[in-house]
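Heads up, the thing below is written out as structure tokens.
The values are calculated or read from the model by the stated rules, or taken from the named source; none is laboratory data. No experiment lies behind these values; they were computed from the predicted model shown. FYI the Cβ positions are ideal-geometry reconstructions off the backbone, even for glycines, and counts take in every protein chain you see. When the accessible area is computed, the model is the full protein with side chains, heavy atoms only, and any ligands, DNA or RNA have been set aside. Shrake-Rupley method; radii C 1.70, N 1.55, O 1.52, S 1.80 Å.
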Amino acid sequence: MKVSVIGCGNLGSAVVKGLLAEGYDLVACDKDEDALAALPESDRINKTKDSSVAVQEGEVVILAVKPKVAGAVLDSFELEEGQVLASFAAAVSLEFLRENARGGAQVVRVMPNLAGEYNKMAAAVSPPGEVPENVQRILGDLGSYVEIDESLMDIATAVNGSGPAFVFYAMKAMKEAGVEGGLDEDAAETLTAQTFSGAAAIVNNDDRSLDELIEAVCSPGGTTIEGMEVLREADAGEPFVEAVAAAERRSEEITEELDL
């Protein structure tokens, strides 16, 4: 399957690299020559500045542009029946996509994140039950995905789209604690990153709830339970809840402001 990626900024380039690692043939399109030059050199990537040329070759066309330019970009090419337009553009509704995408392509909306570069992307896709097999394959090769109703896209945007920044923030705090305790920066960062990676692997492979997993690490009278008591007393989870809610509100506002 050949995939066209329209927009090769941070997100688009991550998608290109992740799909390249999985053996896809790709067309990468961006008006910025520097963005195209920054992509890997491969005989499996055709680079172009012309979106109308790029979409001609793609069975699936991934729209990975800023929401404010989505309308203009969609107007620059025409799709054919049998193709699929998978919009990775934040805050751009299915209604807007269907009204502005020229041609007879099927349209799906995806909320991805940057971990696609390492094939660890978390993605939400809509509409549920109508996601073509080729899009399912792409999202599965880039990481993991869930099918959700479009009305939940704003909260998905906050959880998995903005979420990596919130996780990095927590990682930074743990790293700094390690450094303050005497670890050098590289050691503290390695231990922190692998701890988060390992914890995620446990969550993905263990049937126990998050509360049960917390308790499994907290031996009575041990070190972990001492730290957990500090976190619980400070209600340390609440700022993360508020951060997700703020990101969700902003996603809703962008859609309204740009009439998407």
(message) Filter region 130-185 down to the residues that are aliphatic (A, V, I, L, M) and touching a Pro at 6+ places or on another chain (Cβ under 7 Å) and list them by number.
(response) Ile148
(request) Check Leu97, Leu79, Leu85 and return the single one that is farther than 22 Å from Ala14 by Cβ and in contact with a strand residue (DSSP E or B) (Cβ under 8 Å, 6 or more places away or on another chain). (result) Leu79
(message) Just to be sure I understand, how many residues within region 196-232 are within 22 Å of Tyr169 (Cα to Cα) and of a type in the set (Ser, Thr, Tyr)?
(response) 2
(request) Out of Ala72, Ala101, Ala28, Ala38, report the one residue that is among the hydrophobic types (A, V, I, L, M, F, W, C), in contact with a helix residue (DSSP H, G or I) (Cβ under 8 Å, 6 or more places away or on another chain), farther than 25 Å from Ala247 by Cβ and open to solvent by 70 Å² or more (accessible area, probe 1.4 Å). (result) Ala38
(message) Could you go through region 109-126 and let me know if any residue there is over 20 Å from Lys17 (Cβ atoms) and in a loop (DSSP other than H, G, I, E, B).
(response) no
(message) For region 8-25, give me each residue that is of a type outside the set (D, E, K, R), within 16 Å of Leu114 (Cβ to Cβ) and open to solvent by 10 Å² or more (accessible area, probe 1.4 Å).
(response) Gly9, Asn10, Leu11, Ser13, Leu20, Ala21
(message) Could you list, ordered by first residue, the pairs with Cβ atoms under 8 Å in which the first is in region 140-152 and without any contact (Cβ under 8 Å) to a residue 60 or more places away in the chain and more than 10 Å from Ala123 (Cα to Cα) and the second is hydrophobic (A, V, I, L, M, F, W, C) and surrounded by fewer than 17 Cβ atoms within 10 Å (Cβ to Cβ), at least 6 apart or interchain?
(response) Glu150/Leu94
(request) Go through Ser52, Ser42, Ser13 for me and flag whichever is farther than 22 Å from Ser93 by Cβ and without any contact (Cβ under 8 Å) to a residue 24 or more places away in the chain. (result) Ser42
(request) Assess whether Ala158 counts as being at pLDDT 95 or above and under 30 Å from Thr224 (Cβ atoms). (result) yes
(request) For region 41-63, enumerate the residues that are touching a Gly at 6+ places or on another chain (Cβ under 9 Å) and surrounded by fewer than 19 Cβ atoms within 10 Å (Cβ to Cβ). (result) Arg44, Glu59
(request) Answer yes or no as to whether Ser162 is over 22 Å from Cys8 (Cβ atoms) and hydroxyl-bearing (Ser, Thr, Tyr). (result) no
